[in-house]
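Worksheet: one structure, shown below.
The values are calculated or read from the model by the stated rules, or taken from the named source; none is laboratory data. Predicted model, so just to flag it, every value in this text is computed and none were measured. Because the Cβ atoms are built from the backbone with ideal geometry, glycine has one as well, and the counts that use them run over all protein chains shown. Note: areas computed on protein heavy atoms with side chains; ligands, DNA, RNA excluded. Shrake-Rupley method; radii C 1.70, N 1.55, O 1.52, S 1.80 Å.
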Amino acid sequence: SIGDEGAKPLAESASVWCHGLAELYGLRIPRGKVFDGLGTSLESCRRRLAESNLCFLLWIAREDVERCLGCLSDGDKAFHGRSFLGLVVQGRKSALLRQLLDAECGRPDLNKVEQDGHSLLSLAVLFWSPECIQLLLKRGAMLTSNLFSFSLSQRKRDKSTALHEILRRGSDAVLETALRSLFPRPTQADDDVLLRPGASELVAVLLAADGSGRPAVNELNERLERASGPSSPAFEALKTRSLRPFLKRVPLFPPRLHLCGPGGAGKTLLRHQILGERAKATELLGKDFLDGRTRGVEIMRASLPRGGFWGLFSSLIVHLFDHGGQQEFQVTYNSLLTQPLSIFVLVIPVDTTGTEHRKATNPAESAAELRYWLSSLETVAHQVNQVVVVANIFAGTSRKDRDNHVSQLQLAMGQHEGDRESGIENRLSFVSMDPVVLDASNADDWQSPGSLLENLQRAWNAVQNDKKAESIDLTMPALCKPLFAAIPRLREQNTLLQDARSALLAVRRELGSVVDSLSDAALEALLQYAEQCGEVILSSETDAESHLGEKKRLAIVVWDPNWFATAILGEFFQPAVWRRNLLRKIRMQREEVIECFRQIVSQDGRAQADDELLQHVPELLQQMRLCIPIGSRGEEWFPAFLNSAENHTGFREADEGLEREDAPASELLRKCLHIDVKDQQYQSARIRGRLLRLTDRAGRAVKPDDELTSIFPSGTFSRFQVRILEAFPNPTQDPAHSRSDVCDVYLSRNFVRLSWRGENGELCYFHSFMLHNDRGIEFAWIAWLWASSNKVNAFLEGERRGDMSTVMEQMIDWMGEASTIKQRKPGWKVERLRPSAFFASKTALLDDGADSFLKAYEVEDIPNINGTEGVSESKGHEGDEEDDEQEEAG
Ligand SMILES: Nc1nc2c(ncn2[C@@H]2O[C@H](COP(=O)(O)OP(=O)(O)OP(=O)(O)O)[C@@H](O)[C@H]2O)c(=O)[nH]1
Ligand SMILES: [Mg+2]
């Protein structure tokens, strides 16, 4: 059709070019796209091509990295439903692919699905480019159990997974890369990989069948048999055992049901009702407060009717955790509440009659209590959770009182839910926005229509179907089953606490041939599932001999978590016990902790604890965040549960040496260093103060009587104190005898004090407080730094370095670290304090608001406290109007 002689060669080139592309991509490109039949020059032909959407095919063919990068960042360059990277893979351009992936522009998703269902990896297999396969696998493309057509045939029978195809066609090197990409880390005869939590994915891929029903693992076995000579490590690891028994998986169970709430709320009574233990319920109703309270946590299995038509005869197994609500037992919570698939039942008492140990409740207090528990759960709970709020109505409460309480609780739940909308991350999911109202003393109330049981059934369904749960491995190896069956028998042997070696021997004895072929590491992996299901508690130690550094080795096994939490920890946390054992110190020697456990364990008699075994118990405490080791050797322990500044109900704080410091900063300076700030000698002294407060929903700093919407995670101040001890490892036990030549450290419940002395009598002094609001909850932190002259440099980490602002920033950082749990930090605001606030009492300081704080535009560097700010007490804090006005003007 082309008349023009000159255009003929062009038409031919275009043909060749289209043909070339067709070969390369298997795509038919009409010649007319390139050559319109009218063009008169090669130039115009090129231009036409460059202007069409085909030009990027040319760039790929030419491996023009720069232009291809442009296309990649463009994002929408696709041809016939094939993505840009898909085209690169299809063209087998491994070198180009590498360069594109190296360039890190936009970090393309290597597991994206193409329009025709292929993945980049399956395309690389389809067009067979070993280089691309390896490259993609190394860069994070994942083998899946999806079926693809790797031939022209579209019949299901002829489909297979990418792994099948690699097993059939790939070289050893390609296969090695594929297997490596499946294993979570390089396998060095690590034969427990398949048993570890999170191995489901790997197992699913190995077990995936091709279109004709042949599982990949069969092909793998055949290939392993065929292989001769030395092969790769991943290969070797698989060869050492027969894979089959490791691959079968069953669902992980059961969800955890946590009964939480204040002491005496009726949690245990409710538990007895749920478990149908009428006699125990009656007994508890007759008990007095101290006898009845739960020590530590009681853990047991419970079976609830599943509900719904089909579930009529089946039941819902849950792991029930009945937590002691008294403050001193709350320390056991953190480590237990953090697991996924948790259902929290928050029991709030409604009792307008009151008892000796518990005040009568009022609606506002109950709502505040609920808010506290919600914030507290919020800081520790795993994302996959459900919350049921229960109002437990005690006998003698009028209908009107009940309704008032319930509507306040409802309001508090609504407010909490409202936070979600304002963009604050909220990780609690309520089953219903209405509290469940019941009377725990009534045996059937909890299962009446619309009551607790129905809510639990809904919660159970919700956690199972939670989208967020998809990323969690909810299966375990079938091999766990015989182990789980053996655990009750192991408990009966009255060695509830065992070191790793004896524990593993006991398991082997119980399970016999089932686990013959398993290594100790594989058994440990199975025990980890038991721990995940709440059947045992494990503690591990860092393996010193391991070359990998971080590797952990099982140290002890607690066969009965219930026994450990109640009989051992519950006993340990009794104030009476640590009073008797004189353990109330800032720091404990590791030996003291061990000694205390020795006594408790031997009195209990259900475990034989020898010295070696007891040596490992502190690790368990540390794992539960009850004690914090100090320094790298961890010989000393900071008992977080004893040093917390929280209220301990039931005894007088003053009698126990548990008072909290509460004096104004200047008074403490006088008391601790015998220094009167107004002394002429300290004319040039400098002061720097910070107040850090939690914020409310609107980002405003809260006051003592405000409702807290976020709280400091429990143990925040303890962790801050530990950080101080690590930096300045010489605390003074007795405040009266402080040494003057080194940095002197003193800690008490809510107080930290550091003092440094320079060569010429210069002094530097730091102190900080944790403050509690009206309800005894930590809500603010104050820090002061005072230096006798501007020449004094403070010490940090035992060195003389940094100026005052460095020190202050460091302290605030440490506080930030201490209050951050799982990357979550409560909302707070830091305010700079005026020197005049140095003389104010805490209450006055918090009350008067802005007057004590520097305004944003004011410069902090005030030459000395006797200057403009004025130190005299009359002028200082108590709100001198004139003074205030001057400040405003300034
Ligand atoms: N009349 C009446 N008494 C109740 C009710 N709920 C709890 N009690 C009584 O209140 C006391 C405390 O109840 P528990 O169930 O032990 O409270 P708890 O929440 O488990 O308390 P801790 O274990 O200390 O956290 C017991 O003496 C119960 O008998 C109720 O609904 N009605
Ligand atoms: Mg209880």
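A few remarks follow.
So that you can scan it fast, the table gives a plain yes or no per residue for (1) of a type in the set (Ser, Thr, Tyr); (2) at pLDDT 80 or above; (3) farther than 24 Å from Glu778 by Cβ:
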position: Ala794; (1), (2), (3): no, no, yes
position: Asp803; (1), (2), (3): no, no, yes
position: Asp813; (1), (2), (3): no, yes, no
position: Ser819; (1), (2), (3): yes, yes, no
position: Lys825; (1), (2), (3): no, yes, no
position: Ser841; (1), (2), (3): yes, yes, no
position: Asp847; (1), (2), (3): no, no, no
position: Ser872; (1), (2), (3): yes, no, yes
position: Ala889; (1), (2), (3): no, no, yes
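- Conditions (1) more than 6 Å from ligand 1 (Cβ to nearest atom); (2) touching a Gly at 6+ places or on another chain (Cβ under 8 Å); (3) not in a loop (DSSP other than H, G, I, E, B); number of the one not met by Thr268: (1)
- Those helices (runs of 4 or more DSSP H) lying entirely in the range 109-169 with at least 3 residues within 17 Å of Asp210 (Cα to Cα) and either more than 35 Å from the chain's Cα centre (by Cα) or of a type outside the set (Lys, Arg) (or both): 120-126, 162-169
To keep it simple, each residue is scored yes or no on (1) within 12 Å of ligand 1 (Cβ to nearest atom); (2) in a helix (DSSP H, G or I); (3) modelled with pLDDT of 90 or more.
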{"site": "Thr282", "(1), (2), (3)": "yes, yes, yes"}
{"site": "Leu320", "(1), (2), (3)": "no, no, yes"}
{"site": "Tyr333", "(1), (2), (3)": "yes, yes, no"}
{"site": "Phe344", "(1), (2), (3)": "no, no, yes"}
{"site": "Ala367", "(1), (2), (3)": "no, yes, yes"}
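- Taking the criterion of being part of a loop (DSSP other than H, G, I, E, B), at pLDDT 75 or above and under 17 Å from Gln721 (Cβ atoms), the residues of the range 738-792 that qualify are Arg749, Asn750.
- From Ala50, Ala61, residue being at pLDDT below 70, assigned to a helix (DSSP H, G or I) and of a type in the set (Gly, Ala, Ser): Ala50
- Extreme residue, farthest from ligand 1 (Cβ to nearest atom), among residues of the range 423-453 that are over 21 Å from Ser407 (Cβ atoms) and open to solvent by 60 Å² or more (accessible area, probe 1.4 Å): Gly423
Okay, residues lined up against (1) open to solvent by 40 Å² or more (accessible area, probe 1.4 Å); (2) modelled with pLDDT under 90; (3) within 16 Å of ligand 2 (Cβ to nearest atom):
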{"position": "Leu269", "(1), (2), (3)": "no, no, yes"}
{"position": "Arg301", "(1), (2), (3)": "yes, yes, no"}
{"position": "Phe309", "(1), (2), (3)": "yes, yes, no"}
{"position": "Leu312", "(1), (2), (3)": "yes, yes, no"}
{"position": "Ser315", "(1), (2), (3)": "yes, yes, no"}
{"position": "His323", "(1), (2), (3)": "no, yes, yes"}
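- Flag if Pro262 is surrounded by 18 or more Cβ atoms within 10 Å (Cβ to Cβ), within 16 Å of ligand 2 (Cβ to nearest atom) and either at pLDDT 85 or above or at negative phi (or both): yes
- Qualifying residues in the range 346-365 (those that are among the β-branched types (Val, Ile, Thr) and at pLDDT below 85) - the one farthest from ligand 2 (Cβ to nearest atom): Thr353
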